[in-house]
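Taken together, the values in this text are just the output of simple stated rules run on the coordinates, not laboratory data. All values derive from a computational prediction rather than experimental measurement. Neighbour counts are summed over all protein chains in view; Cβ atoms, including those assigned to glycine, are modelled from backbone coordinates with ideal geometry.
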Amino acid sequence: MKHLLRFLVWSLAVLALVSGCRAMIPAPETLRLYDLAAGREVADQAALARLAPARIVLVGEHHTEQAHHLAQLAVIQALHRSGRKVAIGLEMFRKDAQAELDRWVAGGLDEAAFRPIYLDNWNFDWPLYRPIFDYARQNRLPMVGLNVPREVTRQVAREGFDSLSESQKGALGEISCEVTPQYREFVREAYGFHPHGRMTFDHFCQAQLLWDTAMALHATQYLDQHPDTVMVLLAGAGHVHKLGIPAQLDKLGAVPHVVIMPQLSEAPGPDGVTIEEADYLIFSEF
C-alpha cells in the first residue's frame, strides 16, 4: 500500500501546486485494465464488460500526475462511447458549487470565468484537469460536486467532528464520523501523519472519514435521482481505496461499484496492489 500511495499528496491540506502549463494530450482509444482478481489484462470490450454491472466506477489519481487524469478520461470516454449515460463525480468540487458546475457543462461560462470557480474549489493546476472538464462540456456529461463545505472540513480537522453544531451536522445529512481501528491504521499507512498546527491524528482521521462518507452519500443521492446513469467518481487514490469511499458505499447498502487504481510502473502487473485495495489497475500510456 505504501508503494501505491507514496506520491499521494494529502488532499485535505491542498497545499501543493503544480506550476506551468502542460501540453494537451488525448486519452487513448483503447481502454486497458489489469484485472486483479483474474491476474491478467483485459482491454476494449472485455474491459467494458467488467465495468458493466457497476453504477459507480471509482477511478483513483495522484493529483499532480497528468497521466492519471488522462487515464480517468479514458474510462469516461469508453463508457460514454458504449452508449451509457455517464455522470462525473468530483472530489474536487463541493456540493454547494453545483450550480457553477452545471453552468460550465451547459456552456454558460467560458474558461476565463470558470477558472476562478475551479480554483476556489481545488488548488491543483487547472491544465491537469482541463481535458476532463472539456470533454464533459463538449458532450454535456453532468459533473457532480461531491465534497463538503471547506469550513466544515477545516473545523473537523482542527477540532473534531463533535465540535460541529447541530445545524452544521444537520446540513450534512446522514453523515456520522465513527473511526474504526481498521480505518485508523489505513489512514496512518496511506497518508502518514505529521502534526500540523492544532490538528491531532484523531481529527485528521475524522476529516478523511468525513470526506469519504460525504462523497459516498452524495454520489448515491445523485444516482437515486438518475437511475439510468453510471457515475465515474474521480478522487485521490487514498479515498478510492476499498477502505475509503467504497466501504462507505457498502455501509449505505448502495449501488454496485468497482474500484480502479492508477498504474505506477510501466510493467504490466499488480504493481504491489492487492484485491483488498482495488478491483482493477488502469494503464497510463502517456
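Calculation over all alpha carbon pairs of region 99-227 in 10 angstrom steps from 0 returns a P(r) of 11, 33, 32, 21, 3 percent.
Bridgeable aspartates and glutamates around K95 (alpha carbons under 18 Å apart, same-chain partners fewer than 8 residues away excluded): D120, E151, E174, D212, D224. Subtracting the Cα-Cα distance of E29 and T64 from 0.36 nm times their residue separation leaves 10.3 nm of extension gain. A P(r) calculated from all alpha carbon pairs of region 94-170, with 10 Å bins opening at zero, reads 17, 44, 22, 16, 1 percent.
Full-extension gain between L252 and R154, please, as 0.36 nm times their residue separation minus the C-alpha to C-alpha distance.
Working: separation 98, 0.36 × 98 = 35.28 nm, distance 2.50 nm.
Result: 32.8 nm gained on full extension.
Net charge dipole, region 86-231: roughly 280 debye, given to the nearest 20, about the Cα centre with Cβ charges of +1 for Lys and Arg and -1 for Asp and Glu. Each residue, I275 and R81, gets one label point 7 Å from its Cα in the Cβ direction; the gap between the two is 3.0 nm. Go ahead and run the numbers for FRET between A113 and A38, Cβ-Cβ distance against an R0 of 45 Å, rounding to 0.05. That pair, A113 with A38, gives E of 0.45.
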